[in-house]
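The values are calculated or read from the model by the stated rules, or taken from the named source; none is laboratory data. The shown structure was predicted, so the numbers you read here are calculated from the model rather than taken from an experiment. When we count neighbours, we look across all protein chains shown, and the Cβ atoms used for this are built from the backbone with ideal geometry, even at glycine.
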C-alpha cells in the first residue's frame, strides 16, 4: 500500500514538472540579441530581430561595449556627456502578439557614474503592424540603476488592436540635473508573453493535478 502511494506521489511530481517545463518553453524570451553580443544597429526599419540604437547626436551614444558585461562578452552602453535636453537608448519590436495576454519586459542595468545625473525611461509601446501605428503605451517606468547589476521588470496587457510590442530603454537629460551626465549599462534583456496554448495547458494540467490529489486523498484515507 505504501509503495503504491509513493509511486503516485512521484507521478504527480513528474506531471507537475512536465507542465512547468512545457509552459516555460512556450513563454520563452522573444528578444533577439538579448545580451548585445551582436552589434546595435542604427539603420532604420525593420526593428524585428535586432536592437536599434538612437541618440540626440553629439554628446550622446548607444553602443556595444565589453567593459563589464553581466554575462557573455558584451553589453549595451548608453551615455550622455554633460549635455542638456539630450537622450539615448535602444529598442526592439516583438511581433505576433495576442490582445489580452500579458507581456513582461525585463533586463539588468547598472551605472558606472556617481552620481548618475540623468533619468531612465523604460516603456512598452503597443503597435499595430499592419497599419504601422501606435495603439497605446505604458507610462514610463523610471527605476534608478545602481553600481551593481540589478533587475528591472515592466508588465502590461496587450491592448485591443495591437499585435506588436516595441520595448524601449532610454536615458534622458530633460530635467533640472546640474551636470546632465551619466552612463548606464544593459545586459540580458527579455520579453516574455505566454502563448494561449501555454495558458490552456497550465489550466488543464492544474485541473488534472487537483483531481489526482482528491482521488489520492480519498483512496488512502479510507
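Count, please, the residues in the stretch 77-92 that happen to be surrounded by fewer than 22 Cβ atoms within 10 Å (Cβ to Cβ) and closer than 25 Å to residue 130 by Cβ. Residues flagged as surrounded by fewer than 22 Cβ atoms within 10 Å (Cβ to Cβ) and closer than 25 Å to residue 130 by Cβ within the stretch 77-92 amount to 1. Listed by position, the strands (runs of 3 or more DSSP E) enclosed by the stretch 48-129 that each have at least 1 residues that are within 15 Å of residue 154 (Cβ to Cβ) are 87-94, 102-111, 119-128. The conditions of being out of contact with any strand residue (DSSP E or B) (no Cβ under 6 Å at 6 or more places or on another chain), farther than 18 Å from residue 52 by Cβ and at pLDDT 95 or above are met by residue 96.
Inspect all residues belonging to the stretch 171-179 and state whether any of them is out of contact with any strand residue (DSSP E or B) (no Cβ under 8 Å at 6 or more places or on another chain) and outside any strand (DSSP E or B). Yes, the conditions are met somewhere in the stretch 171-179. Taking the stretch 173-187 as the range and being buried (at least 20 other Cβ atoms within 10 Å of the Cβ) and more than 12 Å from residue 116 (Cβ to Cβ) as the test, the residues that pass are 186, 187.
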